[in-house]
1. How many residues are within 20 Å of the chain's Cα centre (by Cα) and in a helix (DSSP H, G or I) when one looks only at segment 208-229?
2. Can residue 124 be described as under 20 Å from the mean Cα position of the chain (by Cα) and in a helix (DSSP H, G or I)?
3. Is it fair to say residue 327 is among the β-branched types (Val, Ile, Thr) and under 19 Å from the mean Cα position of the chain (by Cα)?
4. Enumerate the pairs (first residue in segment 146-175 and of a type in the set (A, V, I, L, M, F, W, C); second residue anywhere and open to solvent by 70 Å² or more (accessible area, probe 1.4 Å)) with beta-carbon separation below 7 Å, excluding pairs fewer than 6 apart on the same chain, so at least 6 apart or on different chains.
5. Please enumerate the residues belonging to segment 429-447 that are among the aliphatic types (A, V, I, L, M) and within 22 Å of residue 248 (Cβ to Cβ).
6. Of the residues 16, 53, 58, only one is open to solvent by 30 Å² or more (accessible area, probe 1.4 Å) and either free of Cβ contacts under 8 Å to residues at least 60 places away in the same chain or under 30 Å from residue 138 (Cα atoms) (or both); which?
7. Does residue 447 meet the test of being aromatic (Phe, Trp, Tyr), in a helix (DSSP H, G or I), farther than 30 Å from residue 209 by Cα and open to solvent by less than 80 Å² (accessible area, probe 1.4 Å)?
8. Restrict the check to segment 330-345 and report whether at least one residue is farther than 25 Å from residue 193 by Cβ and aliphatic (A, V, I, L, M).
Amino acid sequence: MLRVATTLLSPEEMGRVSLILTTIAFFAMFLVNPVGMFINRRLHAWQASGVARHYLIRYVNYLLLVALIAAISLPLFNMSGLVNFGISISWLIMLVCGSLLFNTINQTSIPSLNMLGDSKNFVILSVATLAASFACGVILVRNVQPSAQYWLLGLLMGQTLLAVIGTKVLFSKLQKRATFQESPVIVRRHLQVLFNFAWPVALAAGLGWVQGQGYRYLMESQLGLAQLGLFVAGYGISAGMIAGFESVLTTYFQPRLYRDANINHPAEQAQAWHRYAAAVIPSLILTVALIIMLAPELTRLFLGEQFQSAASFVVWGALAEAARVLTGIYSLIAHVYMRTRWLILPTSVGAVLSIVLCALLIPGLGASGAGVGLASAGFVVVAMLHILLAHRVGGGVPVRPVMEAALAAAVLWGMTLGLRHLMDATGWAEVMTVLLLAGITYMGLQYVFLRRHLMEKRET
């Protein structure tokens, strides 16, 4: 998708795409994500008591309220002149509000299938969402106009179609209450529990948005849409690959984490987090190393001709996204214990530090300054979370698996340098050979590190 997008769209249009997606992410992170995380935490209990269907329907009503808030806020933000989106306000409202409603339904219903153990339908519908979105986006851009709004409209059309199908499949799996039982009523006590869980998550997620995406508004105002588009394209390679890696492992391991956390025994909850972190962090180290060492080849493969200068941004993206994934892993400690207030201080520091560093570094270093600022702020947050939260689960991740992963990454790096030395990696055949051999080695190493955790899950 990234290769096609950067071939069909110019750097300016890609910059515009990133601004619109950033605006969607603001409302999603601040208003939608906290309630979504609460649903993840409580879904098993709701399914057991037969009330999941009822609460998920109420969730759609909440999403309509969020879309209304966005529709009111966007004209005011657009009139402020802080950001130049370059599209009409009606397009902006339609894309943002449509995504907040239909993409959120898609990303709630389909992952919920996996949470409830239906991995087959989860995989089928997830892949179908990507395929349908990709097809609609390409058709609109090629046949109507090669612009950001038509690319995003195509993605939204695919997400909407599969949201309807995914919801229908999910509801067929949910248990129903006995006919003689009354529908559950949401009372003040329920809202208080939700609010106590959600407001720290909302604050943390909003600050996370400032830390991870606020720089885009700053970069657009200082460097223009074209430079923003180049940076986001290079960053997008790392973000896409790490998101894919994260999706695979969270799909496999998070249902077990939330299932064990639902036991509400502190020792079991701590052990659940340890198992999850010990499986994901070594694999993350290998993935980040692979992306960094193959940045030139990945840029050649995934980006169009106008974007080949973005290779250095792939490296900064890998480091910043690694910090984001680690932040998410440590944040799960707060989610497991339902003590999300623990996240406020680290995310506040990260948000402020990210914007300050980007504002200071972009004028002197250009787009690379954003990469340095994002990566530095991200690892400061990881360090703070480790200091503040690791002791609550009896310490952090075991050192030995991390060191073994670092050693394996060094071996993989050396092999890649050797391949480049043996062949002139300028032609497509040589580039693909380096990617193929490094990828096969990477997959073998991943299996070595994950095998024990896969066997443990199978036994349970």
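1. The first filter runs over segment 208-229 and keeps only residues within 20 Å of the chain's Cα centre (by Cα), leaving 208-217, 228-229.
Then drop every residue that is not in a helix (DSSP H, G or I), which leaves 208-213, 215-217, 228-229.
Within segment 208-229, residues that are within 20 Å of the chain's Cα centre (by Cα) and in a helix (DSSP H, G or I) number 11.
2. Working: under 20 Å from the mean Cα position of the chain (by Cα): yes; in a helix (DSSP H, G or I): yes.
Yes: the conditions hold for residue 124.
3. Values: among the β-branched types (Val, Ile, Thr): yes; under 19 Å from the mean Cα position of the chain (by Cα): yes.
So residue 327 fits the description; yes.
4. Matching pairs, first to second residue: 156/102; 163/102.
5. So in segment 429-447, the residues among the aliphatic types (A, V, I, L, M) come out as 429, 431-432, 434-438, 440, 443, 445.
Passing the criteria: 435, 436, 437, 438, 440, 443, 445.
6. Only one candidate qualifies: 16.
7. On the way: aromatic (Phe, Trp, Tyr): yes; in a helix (DSSP H, G or I): yes; farther than 30 Å from residue 209 by Cα: yes; open to solvent by less than 80 Å² (accessible area, probe 1.4 Å): no.
Against the criterion (aromatic (Phe, Trp, Tyr), in a helix (DSSP H, G or I), farther than 30 Å from residue 209 by Cα and open to solvent by less than 80 Å² (accessible area, probe 1.4 Å)), residue 447 does not qualify.
8. Restricting attention to segment 330-345, the residues satisfying the condition of being farther than 25 Å from residue 193 by Cβ are none.
There is no residue in segment 330-345 that is farther than 25 Å from residue 193 by Cβ and aliphatic (A, V, I, L, M).
The values are calculated or read from the model by the stated rules, or taken from the named source; none is laboratory data. Remember, it's a predicted structure, so these values are computed and weren't measured experimentally. Reconstructed Cβ throughout: ideal geometry from the backbone, glycine too, with neighbour counts over all protein chains shown. Side chains are part of the model used for accessible areas, which takes the heavy atoms of the whole protein and leaves out ligands, DNA and RNA. Shrake-Rupley method; radii C 1.70, N 1.55, O 1.52, S 1.80 Å.
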